[in-house]
1. Restricting to Cα atoms and excluding each atom paired with itself, what does the Kirkwood estimate give for the range 191-264 in Å?
2. On alpha carbon coordinates alone, what is the Rg over Rh value for the range 240-297, Rh being the Kirkwood radius?
3. For the pair VAL318 and HIS201, how long in nm is the line joining their label points, each one 7 Å along Cα→Cβ?
4. Could you put LEU116, LEU236 in order of accessible surface area, largest first, with the 1.4 Å probe and the full protein assembly present?
5. Just to confirm a number: summing +1 for Lys and Arg and -1 for Asp and Glu over residues other than ILE334 whose beta-carbon lies under 14 angstrom from that of ILE334, what do you get?
6. Suppose each label sits 7 Å from its Cα in the direction of the beta carbon; what would the LEU263-ASP175 distance come out to in nanometres?
7. Could you sort MET168, MET308 by their accessible area in this structure, using a 1.4 Å probe and putting the largest first?
8. Does the range 236-336 come out rounded, prolate or oblate, given a ≥ b ≥ c as the square roots of the eigenvalues of its C-alpha gyration tensor, rounded meaning a/c under 1.5 and, failing that, prolate meaning a/b above b/c?
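The values are calculated or read from the model by the stated rules, or taken from the named source; none is laboratory data. Quick caveat: nothing in here was measured; it's all calculated off a predicted structure. Glycine also receives a Cβ, built like all others from the backbone with ideal geometry; neighbour counts cover every protein chain displayed. Surface areas here come from the heavy atoms of the whole protein model, side chains and all, with no ligands, DNA or RNA. Shrake-Rupley method; radii C 1.70, N 1.55, O 1.52, S 1.80 Å.
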Amino acid sequence: MVSIHDVAREAGVSVATVSKVINHYPDVSDKTRKRVKLAIQALRYRPNAIARGLVTGRSWTVGVLINSPFSNPYVAELLEGIKTALENSGYDLMRLSPRLNDPEYSYIDHCQSRNLDGIVVFGLEHDHESMDELIQSDIPTMFVDIDVTETGHRTGSITTDNRNGIQMAVQHVYDLGHRKIAFIAGTSGNIVADRRLEGYHMGLSTLAIPYVEDYVQICDYSFDGGILAMRNLLELEDRPTAVVCTSDMAAFGAIHEIEKWGLQVPGDISVVGFDNTYYAQVFKPGLTTINQNIHSIGIKTIEHLIKMIEQSEYSPPVVTEPSSLIVRQSTAEIKK
């Protein structure tokens, strides 16, 4: 069996230097690091995980707590970004089951019992007691798309500019001549949903469009939620001519319901989504949507988390990623 001493001899360096390369210490030159990695590959050396843990005090494992269906395209793309960032990092990923309604369960105790080095959290309500528990803990944690306004000394957050994204969507359909602009919103009480609703109000106000209470329908970001919300809008005597949705999935459901009523998108009603998931470009009609850079968010989440794990002085980040409008075929000028 190949040992760390064999690698050191092959690379012409000390055992301590090989250990530093394996454990990602920064005080090794690029030239030396490359030589050690080539020796590891040539000898097919596999570091002992237990031994690494004893040396570094780490498990080289991060946990991911996702309180949303894995079938959700947003979740799938976020996990792909996380996977991409972890591939060459030396860390493994462990999924944490969302046991949010068990008063006896503690994520802190669970993470400590598994000796997790850090956690990624997505889909938790901002006022859930587990949030405060994680924020106050010493476990490096990155919250994704939760808009944590107060982070702890070991917790950071990354989200999208949700307000501006919805404002851009409202502006887009306004520029196409629409004035009856509805909004399929997310469940109230969720900070991301609240920010997007604020964006809708701000968009209307900026354009001097009167607010119509019936034009705001709530859904749970899902396909079925979009169907039900759109049905309520279609039953109105004065239907909207454009609908901005809080997610791509809700937009797909809205389009499905519009077509079920014998209407056309965008001929009769224009529809805008939010996420720019993969399906937005293959759905028919192609979905005009707000881009969140989901894959990039996954990558940056892990990059910041690893810095928190490995650099005790690293300040936890509060990152707001810019959003952008992607125009496809689901929006068009209003019928004259």
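1. Here the Kirkwood hydrodynamic radius works out to 12.7 Å.
2. 0.99
3. It works out to 2.0 nm between the two label points.
4. Working: LEU116 15, LEU236 40 Å².
Ranking LEU116, LEU236 by accessible area, largest first, yields LEU236, LEU116.
5. So the environment of ILE334 carries a net charge of +2.
6. Placing both labels 7 Å along Cα→Cβ, they lie 2.4 nm apart.
7. Highest to lowest solvent-accessible surface, that is MET168, MET308.
8. Prolate is the answer for the range 236-336, as a/c is 1.5 or above and a/b outweighs b/c.
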